[in-house]
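Below is one structure, written out as structure tokens; comments come after it.
Each reported figure results from applying straightforward, stated rules to the coordinates on display, with no laboratory input. Small disclaimer: the values here were computed from a predicted structure and weren't measured. Using ideal geometry, Cβ is built from the backbone for each residue, glycine included, and neighbour counts are taken over all protein chains shown.
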Amino acid sequence: MAIEHMVWLTPKAGVSEDKMEDILSSIRALTHLPGVLAISAGRNVTDRANGATHGVLVTLNAAEDLPSYLNHPDHQAVGVVLREHCEVLALDYERE
């Protein structure tokens, strides 16, 4: 069963929209990682996300792909930059 890895991002003070787009681009580039079926990332267009301004949705083939995705060096490198510039909230669920 597919897994959805959802991430809500809230930029820290002083982080520009250009920097956020660079971060989202680096996330979108992770489609080569094993188990990844799709990645979408963009700017929030409503006021319903408790301050989160950007979101990411990564669809993985199966639950067993999540640990290897999260621990992959390319994902880890993006995560370092992400946490430097944003508050991050993540949720993972099985897609039915």
How about the stretch 22-95: which trypsin sites (Lys or Arg not before Pro) there are in a DSSP loop, with at most 16 other Cβ atoms within 10 Å of their Cβ?
-> 48, 95
Using amide H atoms built 1.01 Å from N in the peptide plane, name the residues 5+ places from residue 37, or on other chains, whose amide H lies under 5 Å from its own.
-> 59, 60, 61
Residue by residue through the stretch 61-78, which ³J(HN,Hα) values in whole Hz follow from phi under the Karplus form 6.51 cos²θ - 1.76 cosθ + 1.60 (θ = phi - 60°), with glycine and proline marked x?
-> 4, 7, 4, 5, 7, 4, x, 5, 5, 5, 9, 4, x, 5, 5, 4, 5, 5
What residue among 34, 67, 11 has the largest mean-square fluctuation in a Gaussian network model of the chain, using Cα springs under 10 Å?
-> 67
Ascending count of other beta-carbon atoms within 10 Å, so fewest first, for 21, 96 = 96, 21
Distance histogram in 10 Å bins (all Cα pairs of the chain, percent per bin) | 16, 51, 29, 4
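Using the crude model of +1 on Lys and Arg Cβ and -1 on Asp and Glu Cβ, and no other charge, please compute the dipole size for the chain relative to its Cα centre, in debye to 20.
Working: 7 positive and 14 negative charges, 40 e Å.
Magnitude of the dipole: close to 180 debye.
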Residue order, fewest to most surrounding Cβ atoms within 10 angstrom, among 94, 4 = 94, 4
What is the P(r) of the stretch 39-95, as percent of Cα-Cα pairs per 5 Å bin from 0?
-> 4, 15, 23, 28, 17, 11, 2
Sorted by Cβ density within 10 Å, fewest first, the residues 80, 7 | 80, 7
